[in-house]
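Take a look at the structure below.
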Amino acid sequence: MTTNTDYRVMQMAKVQSEGLELFKRKNSDYGDAFASYGVIGVLVRMGDKILRAQSITNSSISLVDSETLRDTLIDLHNYSAMAIMLLDEDKAKEPIYPSAPPPSPQTMHRL
């Protein structure tokens, strides 16, 4: 028997799968353009999308090219994931021991 929790997990998986397919298509068309301006650039794009979503809901109309509220929300889902990807990349670049300077070549030679 499927519980409400199971159903919600399936819904989430469907939305994420749809977002991933859209990301693949757009990333193929545009490359990693979203990374050009870093997390801040992605946040700016999210702000644009939120304003569009407010416009759609306030006026109950579709956007240019038949973009619906659902389309805008999928885009926001993807922008959130892209920002997380960039944050994770930045974190991976941090030194392993951020409180201590890296060892000098002379120190490494003595080890």
Just how large is the dipole of region 35-94 about the Cα centre, in debye to the nearest 20, putting +1 at every Lys and Arg Cβ and -1 at every Asp and Glu Cβ? 140 debye
Which ³J(HN,Hα) values, rounded to whole Hz and listed in residue order, are derived for region 15-31 from phi using the Karplus coefficients 6.51, -1.76 and 1.60 in 6.51 cos²θ - 1.76 cosθ + 1.60 with θ = phi - 60°, glycine and proline given as x? 5, 5, 5, 4, x, 5, 5, 5, 4, 4, 5, 5, 5, 5, 6, 9, x
Say the dipole of region 35-94 comes from +1 at the beta carbon of Lys and Arg and -1 at that of Asp and Glu; which of MET85, GLY41, LEU69 then lies farthest toward its positive end? LEU69
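Each reported figure results from applying straightforward, stated rules to the coordinates on display, with no laboratory input. Note that the coordinates shown come from a computational prediction; the quantities given were computed from them, not determined experimentally. Methodologically, a virtual Cβ is constructed for each residue, glycine included, from the backbone with ideal geometry; neighbour enumeration extends over all protein chains shown.
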